[in-house]
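Written out below as C-alpha cells is the structure these notes cover.
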Amino acid sequence: MTHRIVIVGGGAGGLELATRLGRSLGKRGKARVILADANLTHLWKPLLHEVAAGSLNATENELNYVAQAKWNHFEFQLGRMSGLDRERRAIQLAATLDEDGRELVPAREVAYDTLVLAVGSMTNDFGTLGAAQHCIFLDTRAQAERFHRQMLSHYLRAHANRLDDSKMSVAIIGAGATGVELAAELHHAAHELAAYGLDRIQPENMRITLLEAGPRVLPVLPERIGRPVRQTLEKLGVTVLTDTAVSEVTAEGLKTRDGREIAASLKVWAAGIRAPAFLKDLDGLENNRLGQLVVRPTLQTTRDDAIFALGDCAACPLGDGSAHNVPPRAQAAHQQASLLVRSLKARLEGRPLETYVYRDYGSLISLSSFSAVGNLMGNLMGSVKLEGWLARMFYISLYRMHQVALYGPFRTLLLMLSDRIGRSTDPRLKLH
Ligand SMILES: Cc1cc2nc3c(=O)[nH]c(=O)nc-3n(C[C@H](O)[C@H](O)[C@H](O)COP(=O)(O)OP(=O)(O)OC[C@H]3O[C@@H](n4cnc5c(N)ncnc54)[C@H](O)[C@@H]3O)c2cc1C
C-alpha cells in the first residue's frame, strides 16, 4: 500500500511541507500526502496584526486549501484534530459544524504511516484574572477581524455622536514583535480613519498603551534594536510602560501588579505562547511545560519515531549545544518544513534522517508604513542592523518568500502586481 504522510495544520510550516511533498512524492505516486486543517483557508499568521488594524484585507490574502491541494498533488481533509491512536496509527478529526451548528463534515479517523503535527501555538495569558473574558487574542483571522470590527464600531459611534467623549483607548499587553507591530499599525489606522472623514476621534485621541512585564520592549532582540523601536513608538504618541506586569483585566481596563489602573476600551493580549490544549498527554507523547511536543533534533517526537512535530507546537533544541529551544517564529517553521521535505523522502527510502540546527537569519520589526527596524543574519555571521525603507523591503520579502514556497515565483510575481493595482483602487484601510 502507498505510504500515507498525514500533516496536521496548514500554517507557515505545515502548508509549505504539504505543498512541496505533494509536488514531489505525491505527483510521482510515491506517497499519499494528506493535509488536515481545522479551517478551509490559510492566512499567514504574521499578517494578523495588519488584519486587526484594517491595513490588510484578509480575504485577498487567504489561500484555499482545496484548490492548493488540487494544484499540488496532495489531499485535503477539513477537520480539527482531537485525538490520536498511536497503536492503530490513526488520528481523530472532530466533526465540522456550519454557522447554524449543523454538521458539515462528520467526525472521522485518518490513518497514517508518518504523521507530522504542525498545529502552531496560542496566546498564553498565564491564567491572568479576566484576560480570557476581556482581552482579544490575535491567534486567528476571526479574532483579528473581531478586533477590527470593534475598533470600527467605536469610530462609527463617535462619528454619530453616540459617545460621551471622542477618545479611544487601546491597551496592548506584551511588547514583543506582535504588540509593537500592532501599536504602530493602530497609530497608522487612526490617521487613515481621520483622513477618510471619521474624524470625531482625532489621531492624537487614539490612546495606545503598550505594557511589558520585562525591563524593555522586544525582550528577545538585542537592546540596540529595542531602544530605537521604543523611541519611534513614543514619537508616534504610544505610551510604553516597561516593568509593568498586569494582574487583572476588567471590562473598563487593566490593573497592574504595582497598583495602577489603566482605562482601556479595547484590550489585546499579545504576551507569550502555549501549545494547543489537545496536545497535552496526546496518547503518551512527551510535552514540556508550555504543552509543546518534545522532539529530537530529527524533529521526531521523543516517544514515537513515526510522529514528527514542527513549528510553534514543537519543543526542539536549538542545536547549538545550549539548553534553549527554537523560538516560535515563522522562519523556524519554514526551515523545519524544508528539512522535513528531505527527511520524509529519506525515511521512505530507509536512509538516515538529517538533524535540525536553527539558523537565525535575524528579525525585522515593522513599524507600519513608517519604517522597520531589525537585524539581519541574526547569530549567523554577527548581526547587521537595518532600519527604514530597506528594512521595510526586507520585512515584506519574508511574506513573499512564503508565497514563493506555496505558489512558485511566477504566480508570486502576478500576486505582487495585483496587490499594487489593488492599492490604487481600494481604500488604504478596510472600512467595514
Ligand atoms: C500577529 C503575529 C505576528 C507575527 N509576526 C511574525 C514575524 O514577523 N516573523 C516571524 O518569524 N514570526 C512571526 N509570528 C509568529 C509566526 O506566526 C509563527 O511562529 C508561525 O506562524 C508558526 O508556524 P506554524 O506552522 O508552527 O503554525 P501556524 O502558522 O500557526 O499554523 C498552525 C495551523 O494549524 C491549524 N490547527 C491548529 N490546531 C489544529 C487542530 N487541532 N486540528 C487541525 N488543524 C489545526 C491552524 O488552523 C493553522 O492553520 C507572528 C505571530 C503573530 C500572532
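The values are calculated or read from the model by the stated rules, or taken from the named source; none is laboratory data. These numbers were taken from a predicted model, which means no experiment stands behind them. Note: ideal-geometry Cβ built from the backbone for every residue, glycine included; neighbour counts use all protein chains shown.
Hey, could you check region 306-355 for residues that are among the charged types (D, E, K, R) and closer than 19 Å to residue 176 by Cβ and say which is modelled with the highest pLDDT? So that I can check it myself, show each step before the final result.
Of the residues in region 306-355, the ones among the charged types (D, E, K, R) are 312, 320, 329, 342, 345, 347, 349, 351, 354.
In the following step, the residues that additionally are closer than 19 Å to residue 176 by Cβ were identified as 312, 329.
On the way: 312: 98, 329: 91.
Checking each candidate, the answer is 312.
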Inset, instruction - Starting from residues that are within 8 Å of the ligand (Cβ to nearest atom) and not hydrophobic (A, V, I, L, M, F, W, C), keep the ones in region 17-55 and report whichever is nearest to residue 68 (Cα to Cα). - result: 42
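Of all residues in region 121-135, which are surrounded by fewer than 21 Cβ atoms within 10 Å (Cβ to Cβ) and either within 26 Å of residue 57 (Cα to Cα) or not acidic (Asp, Glu) (or both)?
First pass over region 121-135, keeping only residues surrounded by fewer than 21 Cβ atoms within 10 Å (Cβ to Cβ): 122, 124-130, 132-134.
Within region 121-135, 122, 124, 126, 127, 128, 129, 130, 132, 133, 134 qualify.
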Legend entry - Residues that are without any contact (Cβ under 8 Å) to a residue 12 or more places away in the chain, surrounded by 17 or more Cβ atoms within 10 Å (Cβ to Cβ) and either farther than 20 Å from residue 361 by Cα or in contact with a strand residue (DSSP E or B) (Cβ under 7 Å, 6 or more places away or on another chain) (or both), drawn from region 215-256: 255
Inset, instruction - Please work out which residue is nearest to the ligand (Cβ to nearest atom), limiting yourself to region 310-327 and to residues that are without any contact (Cβ under 8 Å) to a residue 40 or more places away in the chain and within 18 Å of residue 119 (Cβ to Cβ). - result: 326
Legend entry - Pair list, Cβ under 8 Å, 6 or more apart: region 63-74 residue within 13 Å of residue 21 (Cβ to Cβ) and of a type in the set (Gly, Ala, Ser), other residue modelled with pLDDT of 95 or more and part of a helix (DSSP H, G or I): 69/18; 69/22
Inset, instruction - Would you confirm whether any residue within region 328-338 is more than 12 Å from the ligand (Cβ to nearest atom) and either surrounded by fewer than 22 Cβ atoms within 10 Å (Cβ to Cβ) or not basic (Lys, Arg) (or both)? - result: yes
Legend entry - Qualifying residue in region 361-373 (condition: assigned to a loop (DSSP other than H, G, I, E, B), more than 16 Å from the ligand (Cβ to nearest atom) and modelled with pLDDT of 75 or more): no
Legend entry - Selection count, region 318-336, where residues are within 15 Å of residue 300 (Cβ to Cβ) and part of a helix (DSSP H, G or I): 1
Inset, instruction - Evaluate the following for residue 263: is it surrounded by fewer than 19 Cβ atoms within 10 Å (Cβ to Cβ), closer than 27 Å to residue 201 by Cβ and touching a residue at least 12 places away in the same chain (Cβ under 8 Å)? - result: yes
Inset, instruction - Would you be able to tell me the number of residues in region 101-113 that are within 14 Å of residue 6 (Cα to Cα) and outside any strand (DSSP E or B)? - result: 2
Inset, instruction - State whether the residues of region 104-112 include one that is away from the ligand (no atom under 14 Å from the Cβ) and of a type in the set (Asp, Glu). - result: no
Legend entry - Tabulated pairs, region 266-292, first hydroxyl-bearing (Ser, Thr, Tyr), second more than 12 Å from the ligand (Cβ to nearest atom), C-beta under 9 angstrom, 6+ apart or interchain: none
Legend entry - Restricting region 65-85 to residues that are surrounded by 18 or more Cβ atoms within 10 Å (Cβ to Cβ) and more than 15 Å from the ligand (Cβ to nearest atom), the residue that is nearest to residue 25 (Cα to Cα): 73
